[in-house]
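Notes for the one structure printed next.
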Amino acid sequence: MCRCWGPYWGWVPCAPTPWLLLSLVCAAPFGLLGEETRQISMKVISSWPNPQNLLHIRAVGTNSTLHYVWSTLGPPAVVLVATNTTQSALSVNWSLLMSPDPYGGLMVLPKDSIQFSSALVFTRLLEFDSTKVSKGATQPSGKPYPPYSLAEFSWNNITNSLDLATLSAIFQGHPVDEPTGAFANGSLAFKVQAFSGSGRSAQPPRLLHTADSCQVEVSLDGASPRGNHSVFGLEVATVGTGPDCPSVKELHSIDDEYAPAVFQVNQLLWGSSPSGFMQWRPVAFSQKQRNRESAVPCQASSLHPTLAYSLPSSPVVQAFFGSQNLCAFNLTFGAPTGPGYWDQHYLSWSMLLGMGFPPVDALSPLVLGIMAVALGTPGLMLLGGGLFLLLRHKQYSEYQSIN
């Protein structure tokens, strides 16, 4: 057991005992203990005669394979599958996938190798009038405008944005029918990036990624808001792993070197082991030059069960899971005061999506150095004082009177 106490607003590092390490290893699903490196392949799977956006990311380790299947058939969605073999493969039946009942049109084979599977769907782009926030309101972001259904967006051909050098691709879209012309010069984009090993992005919030995760950067650029102080958000749905919805947990730290003034990481965990995760810092940025001055808060609502027919449906999620329980929550970016989308008509937010255990930030060298100085200086003073008293006592004890 590991006992650590710290202030209520943070945490303190502690060394786990062998029993705790053994329990974590035993709790992890077979084949999902994490890999330092993986062999990554990215492939756009096209249909004929009408090309459809279906991106398959395959990450192969020593004894496991992770599959991420991204699609903009309907709203943007990703199916996550982890297998305990290096030979698992994706199978797509396009005629079934494009039918009214697509179940079975998307499979990972062999089926008995699957250790974990779930999905994430970005269903709606939300907009709120932040000038109309009343005390104790049920909508803390303000009065909502009618949402944009992402199932009714037109998306670019993903093949044109596929970059194998950086292992990234961009889904960029705008509403098909938008009479107000809000997206005449604007777009919503999802940049997906895979990683063959551990590291950090060059720009804030500089999330720590591993070979078991990929990063998603959502950006809204150039769209005209419907109010002078509009706050935007995303409605996100996930496939429930049981009768209850996953919960969003907050992890606090005393270290903000990689994301100045942000001492928190939020994560959604699938399963108790866990088997999969979604992780992000509660911050977005209102300028392309991301810094502390352009940071805006990101708030997440609690997850709640929802009926499938009340959300824009994703054919790839239906094709893999069939009829499933869905849980939804909202992410909102910004506040009535301070920087916001209205500054430069720009907003970006990043998250990690992966399988196995989520990455955990260690204390940075800078913070460790400060702690060493802060804790070491009093220790040196005590040691010096003790030596002084000891030597002084020895000096008096060696004195002999002269008769």
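The values are calculated or read from the model by the stated rules, or taken from the named source; none is laboratory data. Values in this document were obtained by computation on a predicted structure and should not be read as measured data. Glycine gets a Cβ as well: all are built from the backbone with ideal geometry, and neighbour counts include every protein chain shown. Side chains included, ligands, DNA and RNA excluded: accessible areas come from the protein's heavy atoms. Shrake-Rupley method; radii C 1.70, N 1.55, O 1.52, S 1.80 Å.
The table that follows gives values for the structure above.
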| item | result |
| --- | --- |
| Qualifying residue in region 239-260 (condition: surrounded by 15 or more Cβ atoms within 10 Å (Cβ to Cβ), free of Cβ contacts under 8 Å to residues at least 40 places away in the same chain and within 17 Å of the chain's Cα centre (by Cα)) | no |
| Unique residue being in contact (Cβ under 8 Å) with a residue 24 or more places away in the chain, in contact with a Pro (Cβ under 8 Å, 6 or more places away or on another chain), buried (at least 16 other Cβ atoms within 10 Å of the Cβ) and among the polar types (S, T, N, Q) when the list is SER219, SER286 | SER286 |
| Search result, residues across region 62-100 that are closer than 16 Å to SER323 by Cβ and free of Cβ contacts under 8 Å to residues at least 12 places away in the same chain | SER99, PRO100 |
| Residue check for GLN324: over 21 Å from LEU220 (Cα atoms), touching a residue at least 40 places away in the same chain (Cβ under 8 Å) and of a type in the set (S, T, N, Q) | yes |
| Criterion violated by SER118 - all others in (1) assigned to a loop (DSSP other than H, G, I, E, B); (2) surrounded by 15 or more Cβ atoms within 10 Å (Cβ to Cβ) satisfied | (1) |
| Selected residue (criterion: nearest to the chain's Cα centre (by Cα)) from residues of region 222-238 that are open to solvent by 20 Å² or more (accessible area, probe 1.4 Å) and among the polar types (S, T, N, Q) | SER224 |
| Selected residue (criterion: least open to solvent (accessible area, probe 1.4 Å)) from residues of region 90-108 that are over 17 Å from HIS67 (Cβ atoms) and assigned to a loop (DSSP other than H, G, I, E, B) | PRO102 |
| Residue check for LEU207: in contact (Cβ under 8 Å) with a residue 60 or more places away in the chain and open to solvent by 60 Å² or more (accessible area, probe 1.4 Å) | no |
| Scan of region 43-102 for residues that are within 18 Å of ASN157 (Cα to Cα), small (Gly, Ala, Ser) and more than 21 Å from the chain's Cα centre (by Cα), ordered by number | SER46, SER47, GLY74 |
| Top-ranked residue of region 333-377 - restricted to ones that are small (Gly, Ala, Ser) and in a loop (DSSP other than H, G, I, E, B), ranked as modelled with the lowest pLDDT | SER364 |
| Selected residue (only one of THR159, THR83, THR72, THR62 is of a type in the set (Val, Ile, Thr), within 27 Å of GLN193 (Cβ to Cβ) and in contact with a helix residue (DSSP H, G or I) (Cβ under 6 Å, 6 or more places away or on another chain)) | THR83 |
